[in-house]
Amino acid sequence: MTTPETKATSDDGGEKSRFGWIYPLVVGLVAFATFHRSLFNELVNIDDYENLIQNTQFRGLGWEQLRWMFTSFHLGPYQPLSWMTLGADWVVWGGRPVGYHLTNLLLHSAAAVMFYFLSLRLLRLARPETDGVAVRVGAAAAALLFAIHPLRVESVVWATERRDVLSGLFYFATVIAYLRYVEATGSARVRCYALTIGLFAMCLLSKAMGMTLPLALLILDVYPLRRVREAGVSRVLIEKLPMLALAAGVAIAAIIGQRQVGAFQSLERIGFVDRVQIAAYASCFYVVKTLAPFGLAPMYEIPRPLNQLQPYLVASVGVVLVTCLLAVLLRRRWPGFLAAWAFFLITLAPVSGLAHAGRQIAADRYTYLPMAGFAVLAGGGIAFGFSRSGRPRRRLPLGIGVCAAVLGLAFLSVRQSLIWHDSIRLWNRVLEIDPQSGTAHMNIAVQLHMGGANESALPHAMRAAMLRPDSSDCQFVCGRVLRGLGRDDEAFEHFRVAALAENSSPEAQAEYGIALARRGDLDAAAPFLERATTAMPEHAQAQMTLGLIQAGRGNGLAMRKCFEQASIGDGLTVESVRAMMIATTRVLGRPAAAEIVRRALETASKTSDKALETGCRELLAE
């Protein structure tokens, strides 16, 4: 017996198309072409350096790398599957940026194709009476509106955001598997359910933001599946329990990771009312930027201080509440809008600002999943318009309008992609949008400092420290630049402020601890170095300095542990290895010291550091 649901999900709603494959092919090719300029982009100093250049732990797919990927909260997120794809990129491409960008682009194109098939199924379920061609056109339009919108640029062209495109691919695949589970019977139903759980687990292992998917599936159970009344509330809830358990586990892991790096803002710093207003503002911001994608930037810094009486914050709360009320009142006439709006709010919740982490009030990358519901809604409208138009001549104006919208969005996305070409261009764009962005000034200073242009970096560093006196990162960078100019006393003061600030970064703790040790204040230095090395065990200089302190205390075991970590860490130098060798020889003897040098030599060989390798060989020959 054919039910309305199975009829709705049959090929083309009763009409088979010999050319149905063209639609997903066009979606994938257009998505790839829109962002292909990213293949020429560099890595940028928004986490790319820390993740992909300074970090050596992910390079490869051996047991050591896999163990690190599945146990690490590097920079906060828990994303072992994303790390595996980045490790594979390293195996194939080495450290060349084009490899990371190409994989991001291929994954996003695949996610766009997957979203086409998902939209196709949802539109058939919502409007089973619509003719097949109109549904396919609507699904393709939905997929293109999702895939090439300028808000997708950040997720696609930023190498670090591999987690967005990978989790998005598995997210859409999970929903398709769930829809098949709903339709299937017998053993096929069991297999589809197991596939749904497996794909959801892969989504979560790519990025924790997918944790709200079980709630999104409940929305689909209400509309367009309409199975709550038929299957019963208890059944649709019980079948989500395994997914809710996985989501809870990943949510806990995400909280642990963010707490480790001090990303969460305390309630004293950002109160509950502030968080509600931020979440409401972000929701309105994303909807407005979806409709009018102009003035996009890599960073929208949260204003300091945050005034609860600001008109835009108060108005945002009102707009969200009114929209919720209208969606509920119109639920019978327009159930698709209520479903899309509820999906948007639920999917956005983890990054909306309610649990605030970071210094941004909004971010383009946060829209990758939440805006998908509105894309399907728009695709449904286009499918309805095509179906009602009837003859090809009447469909032509609507077709021209859709093509014009796609071309316009593609143009804006190409232009936005160019902003991500390099770090200086990227952060200058932020300053165009927000001249008072301390984060932008800080990152320009970082880039100039890395190039040795400390004189040029200093105005930006000082400006960042002035705009964000409470920011550990801004104070830390200012200290780095001042030290590069030989102004050590001024640098020390900035390091002190950075290390004592709320949510101080492990790097700031390490730098201040090292500075204290160099001044001879070893007892004061030790706690900062201990905290830094706990959060960043790969920080070679912090490990070495802490080891030297332990050597001075006569604690050979603690010293050896620090030196062993330092010998395989990042930022190791010949001078550091020599200092560790001398200290180990004095405390534990020459054989133990030689072992430390040999470990450092292995690290030099793996990282192709010829200067370090030569220095280690000379030390062993002494």
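Could you work out the pair-distance distribution P(r) of segment 76-142 from its alpha-carbon pairs, with 10 angstrom bin width and percents rounded to whole numbers? All Cα pairs considered, the percentages come to 19, 31, 20, 20, 10, 0.
To the nearest 10, the accessible area of residue 490 is 80 Å² with a 1.4 Å probe.
Out of all Cα-Cα pairs in segment 382-478, roughly what percent, to the nearest whole number, are more than 21 Å apart?
53 percent
Amide H contacts under 5 Å for residue 300: 361, 362, restricted to partners 5 or more places along the chain or on a different chain, H placed in the peptide plane at 1.01 Å from N. The helix-based estimate of mean residue ellipticity at 222 nm for the chain, built from -39,500 (n - 2.57) per DSSP H run of four or more residues and divided by its residue count, is -22500 deg cm²/dmol to the nearest 500.
Only protein heavy atoms count here; under a 1.4 Å probe, residue 610 has an accessible surface of about 140 Å². Semi-axes of the equivalent ellipsoid for segment 479-622, computed as √(5λ) from the eigenvalues of its C-alpha gyration tensor and ordered from largest down, come to 26, 17, 13 Å.
The stretch between residue 312 and residue 259 holds 16.1 nm of extra length on full extension. This uses 0.36 nm per residue minus the Cα-Cα distance.
Between residue 21 and residue 595, the C-beta separation translates, for a Förster distance of 56 Å, into a calculated FRET efficiency of about 0.40. Remark: the chain carries 44 Å² of accessible area per residue (probe radius 1.4 Å; ligands, DNA and RNA excluded). What share of Cα pairs, in percent, lie more than 19 angstrom apart in segment 453-517? Value for segment 453-517: 20 percent of Cα pairs lie more than 19 Å apart.
Taking N as the number of residues in segment 517-560, what is its alpha-carbon radius of gyration divided by 2.2 N^0.38 Å?
1.04
Within the accessible area of the chain, the carbon and sulfur atoms contribute 63%, probe 1.4 Å, all protein chains present.
Once you sort the root eigenvalues of the Cα gyration tensor of segment 119-259 as a ≥ b ≥ c, which label holds: rounded (a/c under 1.5), prolate (a/b larger than b/c) or oblate (the other case)?
Details: a/c = 2.16, a/b = 1.11, b/c = 1.94.
In terms of gyration-tensor shape, oblate.
Residue by residue, segment 192-203 carries 3J(HN,Hα) couplings of 5, 5, 4, 5, 4, 5, x, 5, 5, 4, 5, 4 Hz when phi is fed to the Karplus relation 6.51 cos²θ - 1.76 cosθ + 1.60 (θ = phi - 60°); x denotes Gly or Pro.
Could you tally the net charge around residue 169, taking each other residue with its Cβ under 14 Å from the Cβ of residue 169, Lys/Arg +1 and Asp/Glu -1? All intermediate terms of the calculation are to be shown ahead of the outcome.
Details: positive: 152, 162, 163, 207; negative: 161, 164.
Charge balance near residue 169 sits at +2.
FRET efficiency for the residue 245 to residue 42 pair, using the beta carbon distance and R₀ = 35 Å, is estimated at 0.25. For the listed peptides 222-231, 105-114, a ranking on the average number of other beta carbons within 10 Å per residue, highest first, reads 105-114, 222-231.
Listed values for segment 418-434 are Karplus-derived 3J(HN,Hα) couplings in whole Hz (6.51 cos²θ - 1.76 cosθ + 1.60, θ = phi - 60°), namely 5, 4, 8, 4, 8, 5, 5, 4, 4, 6, 5, 5, 4, 5, 5, 7, 9, and x replaces Gly and Pro. About its Cα centre, segment 319-403 has a charge dipole of approximately 540 debye under the convention of +1 per Lys or Arg Cβ and -1 per Asp or Glu Cβ, with nothing else charged. A simple spin-label model places pseudo-atoms 7 Å from Cα toward Cβ; at residue 523 and residue 485 they are separated by 3.6 nm. Given R0 = 56 Å, the distance between the Cβ atoms of residue 88 and residue 291 translates into a calculated FRET efficiency of 0.90. Pairs of lysines in the chain whose Cα atoms sit within less than 25 Å of one another amount to 4, provided the residues are eight or more positions apart or on different chains. Here segment 530-561 is scanned for amide nitrogen atoms under 11 Å from the site 7 Å beyond the Cα of residue 502 along Cα-to-Cβ, giving none.
Modelled this way, with points 7 Å down the Cα-to-C-beta line, the labels at residue 407 and residue 621 are 6.8 nm from one another. Listed values for segment 565-578 are Karplus-derived 3J(HN,Hα) couplings in whole Hz (6.51 cos²θ - 1.76 cosθ + 1.60, θ = phi - 60°), namely 5, 4, 5, 10, x, 9, x, 6, 10, 4, 4, 5, 5, 4, and x replaces Gly and Pro.
Only one of the listed values, (1) -0.47; (2) -0.64; (3) -0.37, was derived from the coordinates as log10 I(q)/I(0) by the Debye sum over Cα atoms at q = 0.06 Å⁻¹; which label is it? The listed entry that was calculated here is (3).
The values are calculated or read from the model by the stated rules, or taken from the named source; none is laboratory data. No experiment lies behind these values; they were computed from the predicted model shown. With ideal geometry, Cβ positions are generated from the backbone for all residues, glycine too; neighbour counts draw on all protein chains shown. Each accessible area value is taken on the protein alone, full model and side chains, heavy atoms only, with ligands, DNA and RNA left out. Shrake-Rupley method; radii C 1.70, N 1.55, O 1.52, S 1.80 Å.
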